[in-house]
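First comes the structure, then the notes that go with it.
The numbers here are math on the coordinates, done by the rules we state, and not lab data. Because the structure is a prediction, the values reported are computed rather than measured. No Cβ is skipped: glycine too gets one built from the backbone with ideal geometry, and neighbour counts run over all protein chains shown.
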Amino acid sequence: MRIFIFFLLLIILSCSTEEIYIDVYDPVQEEIDSLNQRDTDVSLIYSYLESEGINYVDTTKSGVFYSILDNGKNILFPETSDLVSIHIAGYYTNDSIFFSNDSIDLVIFDTNIQSLAENIGYYDETKYYAPIVYTFNGIGSFFPVVSDHGYLAQLSDFKSTLGVSLSRISEGGSVKILMPSGNAYGKSGNTNTPEIPENSILIFDINLIKIRK
């Protein structure tokens, strides 16, 4: 009986030759991958800033970069509970498309500026092109959810950086926000609207066009 069982087991084991791969979560490797991706993102961000001739950039506590492009008219400055109106243009890039044409490539994925959309062939007649208006509180938490740009309300690091950067300019000023992929949609990307590939840096040009006290 024992001999029979031994041979039976031997036959079963010898017939089961299919290799099985198990994906085991490795937090140390994930941390290394995350740090490597951020290094890549930061390198691309500095290359972009250099190409644009932007020699000053600041960083929030969460690691998002922003640059003051224009201080504005220096008459009206945003304060808590003011209604602010902004124009926005959003672009993405990553290491696979950044230098794809021997130049720095950005892909536009959002704007509320009709003239810009028309000039670059991005105009969509189903969209409503108008300034984004929201109540300013310095940290961006009142950013509107229901709009063509509602996805921005889900990007907490964008909102906080917007609050910090707008507080440093006046009406008529502009800022540029540069989000490493880890602060945006990360390695998963975004399959909803707007569609963003994995490991993409997000770059936003923001104009503070109106402040209502």
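Using 0.36 nm per residue of separation minus the Cα-Cα distance, give me the extension gain between N36 and L116 in nm, one decimal.
Using 0.36 nm per residue and subtracting the Cα-Cα distance, I get 25.3 nm.
Quick one: Cα convex hull volume of region 30-212, Å³ per residue?
122 Å³
Going by average Cβ density within 10 Å per residue, which order do the peptides 154-162, 34-42, 186-194 take, highest to lowest?
Numbers: 154-162: 20.4, 34-42: 15.3, 186-194: 13.1.
So the peptides 154-162, 34-42, 186-194, ranked by packing, come out 154-162, 34-42, 186-194.
Give the lysines whose C-alpha is closer than 23 Å to that of K127, dropping any in the same chain fewer than 8 places away, or say none.
The qualifying lysines are K159, K210.
Given F77, V164, S47, which one lies farthest toward the positive end of the charge dipole of region 30-212, if we put +1 on the Cβ of every Lys and Arg and -1 on the Cβ of every Asp and Glu?
Of the listed residues, the answer is F77.
I need two numbers for region 118-213: Rg to one decimal and Dmax as a whole number, Cα atoms only, in Å.
Values for region 118-213 (Cα only, Rg and Dmax): 14.0, 41 Å.
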